[in-house]
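Asker: Dumping the structure here so I can ask a few things about it.
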Amino acid sequence: MLRSRIIPCLLVHKKGLVKTVKFTDSKYVGDPINAVRIFNEKQVDELAVFDIDATVEGREPDYGMIKNLADECRMPLCYGGGVTSAQQAAKIVSLGVEKVAISAAAVARPALIAEMADAIGRQSVAVVIDVQKGGLLRSNAVVTHNASRRTKLDPVDFAAEAERLGAGEVVVNSVDRDGTMSGYDLDLAQRIRNAISGPLTILGGAGSPADMRALLDRIGTAGAAAGSLFVFKGQYKAVLISYARPD
């Protein structure tokens with residue numbers, strides 16, 4: 001039976017761990033391996049690590065970094081960044097990673113979702129959908145390459161298509177709420193939940209365990225992911241890695 005998961009999300013930029021606000025203004029917050037060690041001690045449900053440079057730079061995943069993270073990690077690990085082929089995904093899984101996430105590559109070539117599902121199993125394929133409001137109508141659209149490229153794709157439709165093609169999990173990330181700690185976009189989460197039946201994780205905006213509880217109360221069993229909530233402490237956002245579950 002599926003259960004809700006509380007998932008720290010780590011962003012890797014230039015080999016370091018960073019946190020962004022609306023996908024900009026990255027702030028260095030530490031070493032990724034040290035963060036993994038701390039989360040091991042806190043027995044987190046799952047950990048997601050995204051290399052935010054790989055796709056933008058047009059390079060392959062950093063397999064050495066991935067192996068180091070997987071060797072240290074004592075909880076299920078999801079990795080994303082630079083994956084463009086089923087062969088790369090299979091290599092990443094062979095290093096000890098449970099899930100491989102794709103975003104821009106899935107938008108560019110949706111057939112990759114099915115190819116990865118065949119290669120590593122549906123349960124190991126996560127499709128990350130970055131969503132941002134824009135245009136005259138301020139409507140939601142799928143964006144890629146750290147929100148530098150806007151598509152005409154509707155996130156709800158794309159989520160349903162990703163699941164149909166073989167995504168074992170859909171991760172919806174609100175660019176507008178990234179790093180704001182102002183709460184999840186519950187309306188967007190509900191629309192995606194209504195469109196798919198499989199595992200769903202929501203990212204972007206969590207500022208407290210209460211925000212996570214509001215999400216789970218609204219859409220039911222899901223993954224509640226967060227970055228700032230688990231790396232910052234207090235009004236002045238001092239760096240302090242922590243972990244908290246909603247009551």
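No lab work stands behind these numbers, since they all come straight from the coordinates. Keep in mind that this is a model prediction, so the values were computed, not measured. Here the Cβ positions follow ideal geometry from the backbone for every residue, glycine too, while neighbour counts run over all protein chains shown.
Asker: So if each residue of separation counts as 0.36 nm, and I subtract the Cα-Cα distance between SER197 and ASP217, what length gain in nm does that give?
Answerer: Full extension from SER197 to ASP217 adds 5.5 nm.
Asker: Go ahead and collect, in residue order, the members of the stretch 13-28 whose backbone nitrogen is under 20 Å from a label point 7 Å along the Cα-Cβ direction of LYS67.
Answerer: 15-16
Asker: OK, next. Set Lys and Arg Cβ to +1 and Asp and Glu Cβ to -1, take the dipole of the stretch 51-121 about its Cα centre, and tell me which of GLY81, LEU112, ALA54 lies farthest positive.
Answerer: Farthest along the dipole direction, towards plus: LEU112.
Asker: So, one more: How big is the chain in terms of Cα radius of gyration and Dmax, in angstroms?
Answerer: For the chain, the Cα radius of gyration and maximum Cα-Cα distance read 16.3, 47 Å.
Asker: Continuing with this model, one more query. Can you tell which of LEU165, SER208, ALA141 lies farthest toward the positive end of the dipole of the chain, using +1 and -1 charges on the Cβ of basic and acidic side chains (Lys, Arg; Asp, Glu)?
Answerer: SER208
Asker: For labels at TYR236 and ARG150 in the simple 7 Å Cα→Cβ model, what's the distance in nm?
Answerer: It works out to 3.8 nm between the two label points.
Asker: Turning to a different aspect of this structure: For the pair LYS14 and GLU41, what calculated FRET efficiency results from E = 1/(1 + (r/R0)^6), where r is the Cβ-Cβ distance and R0 = 25 Å, to the nearest 0.05?
Answerer: 0.45
Asker: Could you work out how far apart the two model spin labels at ALA244 and GLU60 are, taking each label as a point 7 Å from the Cα in the direction of the beta carbon, and quote it in nm?
Answerer: About 4.2 nm separates the two model spin labels.
Asker: Tell me, how many Å apart are the Cα centres for the stretch 197-213 and for the stretch 96-151?
Answerer: Using only Cα atoms to place each centre, the spacing works out to 18 Å.
Asker: Nearest 20 debye, what's the magnitude of the dipole of the stretch 94-153 about its Cα centre given +1 on Lys and Arg Cβ and -1 on Asp and Glu Cβ?
Answerer: For this selection, approximately 400 debye.
Asker: At R0 = 30 Å, how high is the FRET efficiency between SER94 and SER139 if r is their beta carbon distance? Nearest 0.05 is fine.
Answerer: Plugging the Cβ-Cβ distance into 1/(1 + (r/R0)^6) gives 0.15.
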